[in-house]
Ligand SMILES: [Ca+2]
Ligand SMILES: [Ca+2]
Ligand SMILES: [Ca+2]
């Protein structure tokens with residue numbers, strides 16, 4: 001189960017890069033709450049990819065991003081505590097939830113990765129130390145916890 005290390009590392013990188021100036025000029029902007037400041041931006045990333053960015057708490061900073069490929073939702077990124085860092089990522093495959101990456105203690109490091117198969121929870125990887133290596137994995141069958149695998153001995 002050494003492979004469990006890889007997704008966590010990649011996710012850390014993705015989270016670190018968010019908020020960087022990687023977006024083109026928006027194709028549309030909106031002031032949905034009419035306070036005179038833009039709170040929704042629409043970006044055409046490529047011919048098939050469109051991104052919607054939202055400022056849901058009107059602090060001028062984006063805290064919710066929805067990505068669509070050919071009109072289908074593929075990813076939602078949220079900054080739930082409004083510190084400028086993404087702390088919840090939800091990925092969709094063929095319209096169904098496929099993966100959730102959570103940084104529930106808002107330290108910039110995800111500690112839980114949920115994997116869904118056919119929209120059902122199949123696996124939860126835990127990285128309680130936040131060091132980028134999973135320390136236990138829960139496997140689910142038919143929505144129920146089937147077994148837990150510890151990847152490192154407890155100190
Ligand atoms: Ca905001
Ligand atoms: Ca955050
Ligand atoms: Ca964390």
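Quick rundown of the values:
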| item | result |
| --- | --- |
| Condition check for residue 95: closer than 30 Å to residue 26 by Cβ, modelled with pLDDT under 95, within 14 Å of ligand 2 (Cβ to nearest atom) and surrounded by fewer than 18 Cβ atoms within 10 Å (Cβ to Cβ) | no |
| Among residues of the stretch 126-143, those that are part of a loop (DSSP other than H, G, I, E, B) and touching a residue at least 60 places away in the same chain (Cβ under 8 Å), counted | 4 |
| Counted residues, the stretch 108-137 - those being within 16 Å of ligand 3 (Cβ to nearest atom) and at pLDDT 90 or above | 14 |
| Any hit, the stretch 36-44, residues being surrounded by fewer than 12 Cβ atoms within 10 Å (Cβ to Cβ) and at pLDDT below 95 | no |
| Single residue of the stretch 57-88 satisfying the filter (closer than 14 Å to residue 41 by Cα and within 12 Å of ligand 2 (Cβ to nearest atom)) that is surrounded by the most Cβ atoms within 10 Å (Cβ to Cβ) | 63 |
| Checking residue 103 against (1) away from ligand 3 (no atom under 16 Å from the Cβ); (2) touching a residue at least 24 places away in the same chain (Cβ under 8 Å); (3) under 12 Å from the mean Cα position of the chain (by Cα), the condition it does not meet | (1) |
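The values are calculated or read from the model by the stated rules, or taken from the named source; none is laboratory data. Since we're looking at a predicted model, the values are computed, not measured. Cβ sites come from the backbone with ideal geometry, for glycine too, and all protein chains shown count toward neighbours.
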